[in-house]
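Chemist: Just passing along the structure, written as structure tokens.
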Amino acid sequence: MEQLPVLAQEIRDELIAVTARNGGHIGPNLGVVELTIALHRTFSSPEDQFVFDVAHQGYVHKLLTGRGGEFFRKLRQTGGASGFLYRNESPHDAFGAGHAGTALSAALGMATARDLRGTGEHVVAICGDAAFTCGITLEALNNVVSSTKRLIVILNDNEWSIAKNVGAISSYLNRISTSATYNRMHHNVEEFFKSFPAGVEMNRVYTKWKRETKDFFVESSLFEKFGLRYLGPVDGHDFDTLQKNLEFARHCDVPVLVHVLTKKGKGLEAAMLHPEKFHGAGPYDPISGENRKPAAGSPPNFQDVFGLALTRFAKADARIVGITGAMPSGTGLSHLAAGVPRQFFDVGIAEEHAVLFAAGMATKGLRPVCAIYSTFLQRAYDQVIHDVALQNLPVTFCLDRAGLSPNDGPTHHGLFDLSYLRCVPNATIMQPKDEDELVDMLHTSLALPGPGFIRYPRGAGLGVQLKEKPALLAVGHAEMVREGSNIMIWALGSMVQDALALAEKLTTEEKISVGVVNARFVKPLDRALLLSHAACIPLLVTMEDHVLSGGFGSAVLEALQEADCRTAVERIGWPDKFVEHGSSTELLRATYGLAPEEIHRRVLARWRNLSAEHVAADV
């Protein structure tokens, strides 16, 4: 026990050193160092199973389960540890995670399966306080006592998700953690059971005493109304207190929730002062906390271009509102919150509610804009179809992180949105080639009679100058960027620049006439232009930063098939696989055959094959 503070400091030093170099979720992990150590002292992983919600806070667990050294020092890099938990990385990762709110349901399923199998291992769900704003967590909470008698839930309460927590649940937890009566009661209980040995007798006496006397002094916690025994609040940085409460929970014969209070970013002053910034930080100076500055004159990020444009539009039109699910900075809506706070709404980690909330607003004449990462909109798919599209409501969805989020990996790549949206009636789907076109598309979507979806990548734009006044785009019309007669590349969004480079290389080096189209719209597709090209150009190439299955290239193939057109098509996009994390987009593209050189090789080979076939046919 006396060595634990030394171990905690060693872990914090390693966390700071690695994330300062690689970036990562430093704040959440610094906050759970003592808690994770105490969990591993009390339980025996992997026989006992830990289910971490989101796994933003899983780095300490990795270090304690044999994943330190060079593997951890390559955190979020190619060949190194993932920034999240994955079952294929270690037997200690009982359940994979990357989205919030999943731990309690998964842990309950595991505990129920354990009971059915007749084994005796413990299942522990480690949930952040923000997870309890997720509908799925509350659904699981409602089913705990009807499913198992043995489940341990750790409520890691640091008052933050990514941004400051919002809503009634957050306020309720704050009242519990600051209540003098509740804390005094907890202290008295602690003193009472100190006199008993650990084990069955302490469990029986303490449980009976607490059940029969506590409600005379203070109302039962919300969790006890759901049937869970509540322990806490507990100081999440005090080893002795943590150990006693976890040991007690281990012997409980009813589901138990341990409410642990932690400090996000503990051990790094900059992270404690700026918890939102250091939730998921890029590389930073561990002394000053300053991020590595981009090169002078670097273009603004797409998210900031979007946020500033929306703020400008909202100031001019009171009907326009912005909605985020606990990610004001990540989506760029922090600009709206600062500029027009009355028209900004953060609903917490509750994407389903965010979409339904927007739908309700739209029925009253407002023009809601839901800014949600591509990967997180998957969580609200039913609401997109059933509540927005079916009723043809004018809600605009801005899908940041479309394409790769390389360091974060498969739970965060936005590679599936075109496939899951293209089949939805009434949807207008578009992607800009640059930041100026993003503003045009936002302006256009705000004028649509039904739902609009705009996807755009993570990170910086191209540095193009924004027009003083945005253009209203003709819906379903593509843009001819470069003429050509042998090959026509239909490129979407960020791939337009790659297409232009490819066209120039093929034209200069191979003397092939190659044109480029900026598709702009995936739905409705510009069929008239597409079919005119198919009628006179031997090879069409599609390029998209998305999986090929059901994506933009599939839309082109469908349009050609419906027109009974046999023109050759070469589709460039991501394969039917979950793409792992990696050091950079360039490395991952090279791994999956999407590096510029490989695309050039494929297109040239297809052209030569077609040319050879034509020669053979003529002969």
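Chemist: Looking at segment 568-619 only, could you name the residues that are over 26 Å from residue 519 (Cβ atoms) and β-branched (Val, Ile, Thr)?
Modeler: Selection gives 615, 619.
Chemist: Looking only at segment 379-401, which residues are more than 16 Å from residue 428 (Cα to Cα) and either in contact with a His (Cβ under 8 Å, 6 or more places away or on another chain) or buried (at least 24 other Cβ atoms within 10 Å of the Cβ) (or both)?
Modeler: Selection gives 379, 400, 401.
Chemist: What's the total number of residues in segment 524-540 that are part of a loop (DSSP other than H, G, I, E, B), crowded, with 16+ Cβ neighbours inside 10 Å and either in contact with a Gly (Cβ under 9 Å, 6 or more places away or on another chain) or not assigned by TED's automatic domain parsing to the domain that holds residue 569 (or both)?
Modeler: 3
Chemist: Identify, by number, the condition in (1) without any contact (Cβ under 8 Å) to a residue 12 or more places away in the chain; (2) surrounded by 12 or more Cβ atoms within 10 Å (Cβ to Cβ); (3) not β-branched (Val, Ile, Thr) that residue 597 doesn't meet.
Modeler: All conditions pass for residue 597, except number (2).
Chemist: Still on this model: List pairs: first in segment 125-148 and over 20 Å from residue 94 (Cα atoms), second in a helix (DSSP H, G or I), Cβ under 6 Å, 6+ apart or cross-chain?
Modeler: 129/173; 132/169; 133/169; 135/352
Chemist: Something else now. When segment 331-352 is examined, which residues are found to be surrounded by fewer than 21 Cβ atoms within 10 Å (Cβ to Cβ) and under 16 Å from the mean Cα position of the chain (by Cα)?
Modeler: Of everything in segment 331-352, just one residue is surrounded by fewer than 21 Cβ atoms within 10 Å (Cβ to Cβ) and under 16 Å from the mean Cα position of the chain (by Cα), namely 352.
Chemist: Any idea how many residues of segment 340-367 are without any contact (Cβ under 8 Å) to a residue 60 or more places away in the chain and either of a type in the set (Gly, Ala, Ser) or outside any loop (DSSP other than H, G, I, E, B) (or both)?
Modeler: 17
Chemist: Moving on to the next point. Quick one: which of 432, 449 is outside the structural domain of residue 560 (by TED's automatic domain parsing) and buried (at least 24 other Cβ atoms within 10 Å of the Cβ)?
Modeler: 432
Chemist: While we're looking at this one, here's another question. Quick one: how many residues across segment 18-64 are small (Gly, Ala, Ser), in contact with a Ser or Thr (Cβ under 9 Å, 6 or more places away or on another chain) and surrounded by fewer than 23 Cβ atoms within 10 Å (Cβ to Cβ)?
Modeler: 1
Chemist: Regarding residue 515, is this residue out of contact with any strand residue (DSSP E or B) (no Cβ under 8 Å at 6 or more places or on another chain), surrounded by fewer than 24 Cβ atoms within 10 Å (Cβ to Cβ) and not in a helix (DSSP H, G or I)?
Modeler: Criteria not met by residue 515.
Chemist: If you don't mind, another one. Return the only residue of 162, 126 being under 21 Å from the mean Cα position of the chain (by Cα), surrounded by 19 or more Cβ atoms within 10 Å (Cβ to Cβ), within 22 Å of residue 276 (Cβ to Cβ) and modelled with pLDDT of 95 or more.
Modeler: 126
Chemist: Being among the hydrophobic types (A, V, I, L, M, F, W, C) and free of Cβ contacts under 8 Å to residues at least 24 places away in the same chain is the filter; apply it to segment 311-337 and report the residue that is nearest to residue 459 (Cα to Cα).
Modeler: Per the stated criteria, the residue is 337.
Chemist: Out of (1) on the phi > 0 side of the Ramachandran plot; (2) modelled with pLDDT of 95 or more, what's the single condition that is false for residue 250?
Modeler: Result: residue 250 passes all but (1).
Chemist: Looking at residue 76, is it in a loop (DSSP other than H, G, I, E, B) and either farther than 25 Å from residue 152 by Cα or in the same structural domain as residue 239 (by TED's automatic domain parsing) (or both)?
Modeler: yes
Chemist: Next up: If you check every pair at least six apart or on different chains, which have Cβ atoms under 7 Å apart with a residue in segment 217-238 that is hydrophobic (A, V, I, L, M, F, W, C) first and a residue that is surrounded by fewer than 22 Cβ atoms within 10 Å (Cβ to Cβ) and at pLDDT below 90 second?
Modeler: Final answer for the pair search is 217/181; 217/185; 218/181; 218/182; 218/185; 222/172.
Chemist: Return a yes/no flag: does segment 124-137 have any residue that is over 30 Å from residue 329 (Cβ atoms) and of a type in the set (Ser, Thr, Tyr).
Modeler: Within segment 124-137 (the criterion being over 30 Å from residue 329 (Cβ atoms) and of a type in the set (Ser, Thr, Tyr)), the answer is no, since none of the residues qualifies.
Chemist: Now for a separate question. On the given criteria, is residue 587 surrounded by fewer than 16 Cβ atoms within 10 Å (Cβ to Cβ) and either among the hydroxyl-bearing types (Ser, Thr, Tyr) or not assigned by TED's automatic domain parsing to the domain that holds residue 389 (or both)?
Modeler: Against the criterion (surrounded by fewer than 16 Cβ atoms within 10 Å (Cβ to Cβ) and either among the hydroxyl-bearing types (Ser, Thr, Tyr) or not assigned by TED's automatic domain parsing to the domain that holds residue 389 (or both)), residue 587 qualifies.
Chemist: Can you pull out the strands (runs of 3 or more DSSP E) entirely within segment 368-484 that have at least 1 residues that are touching a residue at least 60 places away in the same chain (Cβ under 8 Å)?
Modeler: 396-399, 428-430, 452-455
Chemist: Among all residue pairs at least 6 apart or on different chains, which show Cβ distances below 7 Å where the first residue, located in segment 59-71, is part of a loop (DSSP other than H, G, I, E, B) and the second is of a type outside the set (A, V, I, L, M, F, W, C) and surrounded by 14 or more Cβ atoms within 10 Å (Cβ to Cβ)?
Modeler: Listed by first residue and then by second, the contacts come to 64/36; 64/40; 65/45; 65/90; 65/92; 67/90.
Chemist: Hey, could you check segment 233-283 for residues that are among the acidic types (Asp, Glu) and part of a loop (DSSP other than H, G, I, E, B) and say which is farthest from residue 8 (Cα to Cα)?
Modeler: 253
Chemist: Now a separate question. Here is a check on your reading of the model: is residue 102 within 26 Å of residue 252 (Cα to Cα), crowded, with 19+ Cβ neighbours inside 10 Å and assigned by TED's automatic domain parsing to the domain that holds residue 234?
Modeler: Judged against the criteria, residue 102 is a match.
Chemist: State which residue pairs qualify: first residue over 22 Å from residue 454 (Cα atoms) and inside segment 510-535, second residue among the acidic types (Asp, Glu) in any location, beta carbons under 9 Å apart, and separation of 6 or more residues or different chains.
Modeler: Listed by first residue and then by second, the contacts come to 513/483; 514/504; 515/483.
Chemist: Go through segment 573-600 and report how many residues are in contact with a His (Cβ under 7 Å, 6 or more places away or on another chain) and β-branched (Val, Ile, Thr).
Modeler: Of the residues in segment 573-600, 1 are in contact with a His (Cβ under 7 Å, 6 or more places away or on another chain) and β-branched (Val, Ile, Thr).
Chemist: Now for a separate question. Residues 557, 610, 548: which one is among the aliphatic types (A, V, I, L, M), in the same structural domain as residue 522 (by TED's automatic domain parsing) and either closer than 20 Å to residue 497 by Cα or exposed (fewer than 13 other Cβ atoms within 10 Å of the Cβ) (or both)?
Modeler: 548
The values are calculated or read from the model by the stated rules, or taken from the named source; none is laboratory data. What you see is a predicted model, and the numbers here were worked out from it, not measured in a lab. Neighbour counts are summed over all protein chains in view; Cβ atoms, including those assigned to glycine, are modelled from backbone coordinates with ideal geometry.
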